[in-house]
1. Sort out which residues of segment 35-52 are free of Cβ contacts under 8 Å to residues at least 60 places away in the same chain and either under 22 Å from V161 (Cβ atoms) or buried (at least 19 other Cβ atoms within 10 Å of the Cβ) (or both), and write them in order of number.
2. Tally the residues that are over 14 Å from the mean Cα position of the chain (by Cα) and either within 17 Å of R91 (Cα to Cα) or aliphatic (A, V, I, L, M) (or both), restricting the search to segment 142-159.
3. Which ones in segment 58-85 are farther than 12 Å from I121 by Cα, surrounded by 15 or more Cβ atoms within 10 Å (Cβ to Cβ) and modelled with pLDDT under 95?
4. Being loosely packed, with under 15 Cβ neighbours inside 10 Å, over 19 Å from Y93 (Cβ atoms) and not acidic (D, E) is the filter here; which residues of segment 128-141 pass it?
5. When only residues in segment 35-66 that are touching a Leu at 6+ places or on another chain (Cβ under 8 Å) and of a type in the set (K, R) count, which is farthest from W155 (Cα to Cα)?
6. Hey, among the residues in segment 67-116 that are hydroxyl-bearing (S, T, Y) and in contact (Cβ under 8 Å) with a residue 24 or more places away in the chain, which one's farthest from F156 (Cα to Cα)?
7. Against the condition under 22 Å from G50 (Cα atoms), modelled with pLDDT of 95 or more, surrounded by fewer than 19 Cβ atoms within 10 Å (Cβ to Cβ) and within 13 Å of the chain's Cα centre (by Cα), how does R104 come out, does it pass?
8. Is at least one residue of segment 156-173 at pLDDT 95 or above, closer than 28 Å to S53 by Cβ and surrounded by fewer than 17 Cβ atoms within 10 Å (Cβ to Cβ)?
Amino acid sequence: MSTDQIPTLPALRCLHRLSEVRPTIIADTREQTPLEFTRLASRPGTLTSGDYSFAGGEELFAVERKTIADLVACCVGESRERFFRELHRLRGYRFKRLLVVGTRAEIEAGAYRARTSPASILSTLRAIEVRFDVPVVFALDAPAAAKEIESWAFWFARELVEAANTLARGNGLTRGAAS
């Protein structure tokens with residue numbers, strides 16, 4: 001190949017079988033109490049960032065999960081810097097979320113054991129969304145959090161498959177492709 005030629009793209013192996021695949025959730029091995037998933041398969045794995053991702057999407061999709069108590073602990077003191085470094089790493093992901101297990105009302109009521117004011121915690125959450133481009137989402141409890149992650153993983157993976165299909169159609173690789 002001369003230096004003027006552009007190589008072909010790598011083959012999309014098993015593209016025809018993607019419609020049969022459902023994402024497998026990856027729970028980081030450092031998770032103390034991993035969520036239980038009921039609609040998608042899951043397995044433990046080591047993630048670079050976040051607590052949850054899905055197989056094959058580990059560098060694109062990350063969810064950082066915090067309980068209210070964990071969140072409050074991460075918003076003050078020595079844990080804050082480590083937590084913010086983790087959020088900074090999420091900036092490179094196409095899909096990222098901070099999933100808080102609990103409600104905004106619990107924070108507003110100060111239903112946690114720290115002396116930090118609810119206003120301070122809520123202000124930190126706003127700063128996280130703006131500074132790190134990481135949306136903050138609340139889930140009522142652990143089962144609701146698991147369902148949210150399953151839904152996000154499914155729809156994000158679906159979009160990846162749709163993008164691959166669009167590429168294939170655009171290059172006349174599908175049967176009956178419009179010209």
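The values are calculated or read from the model by the stated rules, or taken from the named source; none is laboratory data. Everything quoted here is computed from the prediction, not taken from an experiment. Ideal geometry is used to build each Cβ from the backbone, glycine not excepted, and the neighbour counts take in all protein chains shown.
1. Across segment 35-52, the qualifying residues are A41, S42, R43, G45, L47, S49, G50, D51.
2. Selection size over segment 142-159: 2.
3. none
4. Hit for segment 128-141 is L140, nothing else.
5. K66
6. As a first pass, look at segment 67-116 and keep what is hydroxyl-bearing (S, T, Y): 67, 79, 93, 103, 112, 116.
Of the ones still in play, those that are also in contact (Cβ under 8 Å) with a residue 24 or more places away in the chain are 67, 93, 103, 112, 116.
Details: T67: 24, Y93: 12, T103: 25, Y112: 33, T116: 36 Å.
Applying the filter and picking the extreme gives T116.
7. On the way: under 22 Å from G50 (Cα atoms): yes; modelled with pLDDT of 95 or more: yes; surrounded by fewer than 19 Cβ atoms within 10 Å (Cβ to Cβ): yes; within 13 Å of the chain's Cα centre (by Cα): no.
So R104 does not fit the description; no.
8. Within segment 156-173 (the criterion being at pLDDT 95 or above, closer than 28 Å to S53 by Cβ and surrounded by fewer than 17 Cβ atoms within 10 Å (Cβ to Cβ)), the answer is no, since none of the residues qualifies.
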